Amino acid sequence: MPGLDEALKGLKKGDKKDVELTFPENYSEKKLAGKDVVFHVEVQAVKEKTAPVIDDEFARGLKCEDLAGLKARVREEIKKSKEKQEKDRLKTIILDKLIEGRDLDVPDLLAEKYLDIIFKSVVDNMRAGMVHPTDKGLSPEALRDKYRPLSVRRAREDMILDAIALKEKMEISNEEVEASIKELAAERNLPVDSLMTRIQREGNLEMIKDGLKHEKVFDLIIASAKKN
């Protein structure tokens with residue numbers, strides 16, 4: 001909220017203050033856009049971020065034996081990150097080539113299904129404070145219109161990848177699904193059982209299987225390209 005941070009400067013724990021502000025004209029919640037508002041503020045605590053000392057004790061707090069172990073883990077994570085970035089780059093090139101020159105009809109219902117998934121992801125990111133600059137101030141209808149072409153593109157990509165997976169008779173085992181969910185749980189710092197229950201409840205198990213199947217398609221194409 002523009003102006004709120006400035007109004008809080010100099011306050012101490014226990015201080016109370018009323019801050020009069022005006023919502024921006026392009027505020028995403030249209031019924032509040034341009035309207036005056038009063039924030040009743042009470043400071044619960046004032047904290048300062050400080051950089052920790054990087055030593056063996058710090059490393060043990062991150063479940064490493066010592067600082068050397070932490071450095072080794074960081075090096076491995078950087079390596080994996082770079083490998084993933086390179087694979088993502090290759091996947092984009094592969095998808096561009098697969099779609100190029102192919103006029104694939106995407107049914108409206110399928111396009112809407114993909115749009116719902118993308119829209120939910122965008123909204124979830126907004127709630128977490130991650131807003132793309134070009135999304136600021138857009139209404140839900142405008143956001144859906146903006147991401148509609150992307151939903152059609154994603155649908156076309158999956159249609160082609162599904163066709164290749166079917167032709168190559170690719171299957172995903174229960175062990176592969178479990179390994180993927182364990183990895184996802186570790187990334188999100190969640191219990192595996194809790195994440196599995198949520199995935200099953202939301203009906204996303206097939207989506208995970210499809211994702212693993214598509215990764216196998218990419219691996220096949222990349223391996224084939226390297227041989228040639």
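Values in this text are rule-based calculations from the coordinates and carry no lab data. Everything numeric here is computed off the predicted structure, so don't read it as measured data. No Cβ is skipped: glycine too gets one built from the backbone with ideal geometry, and neighbour counts run over all protein chains shown.
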TODO: Being in contact with a strand residue (DSSP E or B) (Cβ under 8 Å, 6 or more places away or on another chain) and farther than 13 Å from LYS136 by Cβ is the filter; apply it to the range 2-13 and report the residue that is surrounded by the fewest Cβ atoms within 10 Å (Cβ to Cβ).
DONE: LEU4
Open item on the list: Here are the criteria: (1) at negative phi; (2) of a type in the set (D, E, K, R); (3) surrounded by fewer than 17 Cβ atoms within 10 Å (Cβ to Cβ). Tell me which single one LYS169 does not satisfy.
Closed with: (1)
Task: Residue satisfying all of: in the range 158-183; under 19 Å from the mean Cα position of the chain (by Cα) and touching a residue at least 12 places away in the same chain (Cβ under 8 Å); farthest from VAL217 (Cα to Cα) among these - done: ILE181
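What residue, of ALA128, ALA165, is of a type in the set (A, V, I, L, M, F, W, C) and touching a His at 6+ places or on another chain (Cβ under 9 Å)? First the steps, then the outcome.
Numbers: ALA128 fails: touching a His at 6+ places or on another chain (Cβ under 9 Å).
Only one candidate qualifies: ALA165.
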Task: Selection within the range 141-156 - without any contact (Cβ under 8 Å) to a residue 40 or more places away in the chain and either surrounded by 15 or more Cβ atoms within 10 Å (Cβ to Cβ) or closer than 13 Å to ASN26 by Cα (or both) - done: ALA142, LEU143, ARG144, LYS146, TYR147, ARG148
Task: Qualifying position, being out of contact with any strand residue (DSSP E or B) (no Cβ under 9 Å at 6 or more places or on another chain), part of a loop (DSSP other than H, G, I, E, B) and among the charged types (D, E, K, R), among LYS146, LYS169, LYS182 - done: LYS169
Task: Count of residues meeting criterion [out of contact with any helix residue (DSSP H, G or I) (no Cβ under 6 Å at 6 or more places or on another chain) and more than 30 Å from ARG154 (Cα to Cα)] in the range 70-105 - done: 6
TODO: Could you please tell me which pairs satisfy a Cβ distance under 6 Å, a separation of 6+ or placement on different chains, a first residue in the range 85-101 that is at negative phi, and a second residue that is of a type in the set (Asp, Glu)?
DONE: LEU95/GLU157
